Amino acid sequence: MAEAVYIFLFVFGTLIGSYINVLGLRYSPEAGFKLSNKGRSHCPYCGHTLRWYELIPLFSFLIQRGKCRICRHRLSLQYPVVEILSGLVFVFVPMKLGFGFPAMIWILAFLTFIVLSIIDFRFKVIPNKLNIFIAAIGFALIGFYYFFGGLGIFGEKVGGTSLGSYALIFQFSNGQIFINYAAGILFGIIFFGLLYFLSRGRAMGFGDVKLAAAIGVLMGWPDGAFALILSFVVGAIYGSTLLITHRKKMKDSIPFGPFIIIGVTLVFFFGYHMINGYFKLFNIY
Ligand SMILES: [Zn+2]
């Protein structure tokens, strides 16, 4: 029975994924999200209007072996990849959080992350609207935890964390919810703001600093801080690999937004296990 629910959620997620593709591909830095200008979906190469059976997520791509039915031009792998990712979001977020308000917020967050990554890869910009949206749903989540969230060991209001009992070690003020989230936001602004100013905008853009602040709102302390530190580590490893293998030069820029998303995703799904493994490695606890 539970399996049927998750299969349904996955299929529903792939449908939302096709819309996510449209959102990401119809964005331009000049015009923003223009969704009504083109009407029905069409092949980007020959312009032929797609029939209903060419719009079935994953299925159409597989049947047509990744090519346009009319002009046989190879279609971007982005279509099926985004559809699969959206499907997985609808399965794994409720698996972790159950079916409730926090799961709804995190599904919205991950879908926004996918749109944001598509746009950052294409234009190396992060639209303000997306950062504001992430911060807005983050504030909604803080409100939810404040009014309906659990109580900590001192009877104080606590927010959500993916770090389990390890969150306690890093918390100050006994995990008072507003102080935790303020710390998360401040950490994002200071850590990424410093990287931005010290590298004079070369390590990352100001859009990344705003995204870091929005992640602070969504995750609070210490989760947000871990996610941002992790994104910096993953980005640095990736960047130096490209430099060493001569596939990029020092002055080339790579979009940083997707690394922040990777950091958030790792902490959200594996935060507890990563810290647990780290402590086990050094025989602490
Ligand atoms: Zn075509």
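Structure notes:
- Options 40, 72, 65: the member that is on the phi < 0 side of the Ramachandran plot and of a type in the set (D, E, K, R): 40
- Answer residue from region 1-22, given it is of a type in the set (A, V, I, L, M, F, W, C) and modelled with pLDDT under 90 and is least open to solvent (accessible area, probe 1.4 Å) among those: 22
- Restricting 84, 70, 107 to those that are more than 13 Å from the chain's Cα centre (by Cα), within 30 Å of residue 51 (Cα to Cα) and away from the ligand (no atom under 16 Å from the Cβ) reduces the list to 84.
- Failed criterion for residue 33 (all others in (1) open to solvent by 40 Å² or more (accessible area, probe 1.4 Å); (2) more than 29 Å from residue 104 (Cβ to Cβ); (3) touching a residue at least 60 places away in the same chain (Cβ under 8 Å) hold): (2)
- Of all residue pairs spaced 6 or more apart or on separate chains, those with beta-carbon atoms under 8 Å, a first member in region 43-62 that is free of Cβ contacts under 8 Å to residues at least 40 places away in the same chain and a second member that is outside any helix (DSSP H, G or I) and more than 13 Å from the ligand (Cβ to nearest atom) are 49/40; 50/40.
- Qualifying residue in region 266-275 (condition: under 14 Å from the mean Cα position of the chain (by Cα), touching a residue at least 60 places away in the same chain (Cβ under 8 Å), more than 21 Å from residue 132 (Cα to Cα) and part of a helix (DSSP H, G or I)): yes
- Of note, residue 79 does not satisfy the criterion of being of a type in the set (Phe, Trp, Tyr), modelled with pLDDT of 90 or more and away from the ligand (no atom under 16 Å from the Cβ).
- Those residues of region 26-41 which are within 16 Å of the ligand (Cβ to nearest atom) and either of a type in the set (Ser, Thr, Tyr) or at pLDDT 85 or above (or both), in sequence order: 41
The rows are residues; the columns are (1) assigned by TED's automatic domain parsing to the domain that holds residue 243; (2) surrounded by fewer than 20 Cβ atoms within 10 Å (Cβ to Cβ); (3) modelled with pLDDT of 90 or more.
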residue	(1), (2), (3)
136	yes, yes, yes
152	yes, yes, no
161	yes, no, no
169	yes, yes, no
175	yes, no, no
184	yes, no, yes
204	yes, no, no
217	yes, no, yes
226	yes, no, yes
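- Criterion violated by residue 112 - all others in (1) open to solvent by less than 70 Å² (accessible area, probe 1.4 Å); (2) assigned to a loop (DSSP other than H, G, I, E, B) satisfied: (2)
- All positions within region 42-58 that are within 15 Å of the ligand (Cβ to nearest atom), closer than 26 Å to residue 87 by Cα and assigned to a loop (DSSP other than H, G, I, E, B): 43, 44, 50, 51, 55
- Residue within region 59-68 that is hydrophobic (A, V, I, L, M, F, W, C), touching a helix residue (DSSP H, G or I) at 6+ places or on another chain (Cβ under 7 Å) and either open to solvent by 30 Å² or more (accessible area, probe 1.4 Å) or not in a strand (DSSP E or B) (or both) present: yes
The values are calculated or read from the model by the stated rules, or taken from the named source; none is laboratory data. These numbers were taken from a predicted model, which means no experiment stands behind them. We place every Cβ from the backbone using ideal geometry, glycine too, and count neighbours over all the protein chains shown. When the accessible area is computed, the model is the full protein with side chains, heavy atoms only, and any ligands, DNA or RNA have been set aside. Shrake-Rupley method; radii C 1.70, N 1.55, O 1.52, S 1.80 Å.
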